[in-house]
Each structure stands twice: as structure tokens, then as C-alpha cells.
1. What relative contact order, as a whole-number percentage, does the chain give when Cα pairs under 8 Å and 6 or more residues apart are counted?
2. Relative to the longest principal Cα axis of the chain, at what angle does helix 181-215 sit, 0 to 90 degrees, rounded to 10?
3. Can you give the accessible area per residue of the chain, in Å², using a 1.4 Å probe?
4. For the range 47-146, just say rounded, prolate or oblate: build the C-alpha gyration tensor, square-root its eigenvalues into a ≥ b ≥ c, call rounded for a/c under 1.5, and beyond that prolate if a/b exceeds b/c, oblate if not.
5. Got a sec? Charge dipole of the chain, +1 on Cβ for Lys and Arg, -1 for Asp and Glu; which of 32, 84, 145 is way out at the positive end?
Amino acid sequence: MTAAHTVPRTVHRQVPPLLFAGVAVLGLAVSAIDVHDRTTWFLETFWVLIGLPLVLLTWRRFPLTGLLCGLLAVHALVLSVGGHYTYAEVPAGDWVRDTFGLSRNPYDRFGHLMQGFVPAILVRELLSRTSPLRGSRWLAPLTVCACLAFSACFELLEWAAAEIGGHGADAFLATQGDVWDTQWDMFCALIGAVLSLLLLSRVHDRQLAALETRDR
């Protein structure tokens, strides 16, 4: 009886990372075919290339909740699509721009919204499990601050890429002529982080509790 219950538990703990990792790897592989610009693809998908192996290597010691795994897989797909086409030329973004009469392809804005939405749960999970902040009123504001800090660091990386690459970095920057693009990017990350905490905190808490119970 004990063995019968142990096997499903093991499968339950191993399937989510393998499933979501497979989705991320497939999206990454497809995005690498006939890319618009190889350097831009590498810069945009760099986080997937280092993040996915890190999650898998640390899984036994630090498994993640299913919610976070799913969000990371979705974010990997967003990055892969942006890397394949460049953010300014994603066809779906062109359709939204033309349909709603926008002045620019909005996929870059969506990407930065996700840059806040997904890392918010990642930061929240890390703080909840490795610090005394779980259940604290400071958890949410510090999570948002961490997401904004990451967004600001990313903008600094974009600036460095522009200085080093000159006009060759335009596809990576995806400013599309907007002088306020950096500020908009960070604002979108802020909105994404706040929305994520408002919409997903309760679900996340339940999964964190279930993860702790399973690991006892």
C-alpha cells in the first residue's frame, strides 16, 4: 500500500517540470529556425537558455510550484517568439496594431508586461520559502520592488547593447522610435507584477502549502 501511494506522488512531482520544460525546449527549438537576426534571438532567449537548466538542476533540492512552472514555460514561449521575429516585427503584434489603429507593434509592451507578471510569482515563491516574509505585509511590496529592479537592470543591459552594437542593436531594443520606450517598459513591468499578485496570490499560497505538505 505504501509503495502504491509513493509512485503516484513521485510521478506528480516529476511530470510538471518535464512537461513544462518540454514546452519551453520545443518553443526555443522552433524559434531558432530561420530567425530574423541570430544575435537578437540569442539576446532575447538568453534567459531561457540559462534558466531552464538551472530549474532542472536544482529541482530535487528546490522543486517549484506547478503555477510557477507553468508561468515560466509561457514566459519562455513569449521570449522565443520575440527572439525569432524581433519584438517590433511579431506578426500577431502587427495584426493588433492594424486592427486597433495603434502607432506601433505592441508585442514589446506585452513582453515587458510579462517581465513583471511572471517574475512576481518567482520572487514571491523564493521569498516565501527562503525568508521570514511569508504572510508578512511586506511580501507584496518587496516583490514588486524586486521586479522593478530587474526591469531597470534589463534596461541598463539594453543600453549597454546599444552602446556596443550601435544601429545593429535596434532590433533588440525595439524602441520603434519612442523616446519614452524605457519608461514604458518599466511601467509595463510594474503593471504586470501588480496584476500577478492581485490575481494569483491566493492560488500560489495554496500551492505553496501543498508543496510543503508533500515534502514533509
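1. Computed over the chain, the figure is 23 percent.
2. 10 degrees
3. So the chain comes to 57 Å² accessible per residue, rounded to a whole number.
4. Judged from the Cα gyration tensor, the range 47-146 comes out oblate (a/c at least 1.5, b/c at or above a/b).
5. Result: 145, furthest along the dipole toward the positive end.
The values are calculated or read from the model by the stated rules, or taken from the named source; none is laboratory data. Please read all numbers here as calculations on a predicted model, not as lab measurements. Using ideal geometry, Cβ is built from the backbone for each residue, glycine included, and neighbour counts are taken over all protein chains shown. Areas reflect the complete protein model, heavy atoms only, side chains present, ligands, DNA and RNA absent. Shrake-Rupley method; radii C 1.70, N 1.55, O 1.52, S 1.80 Å.
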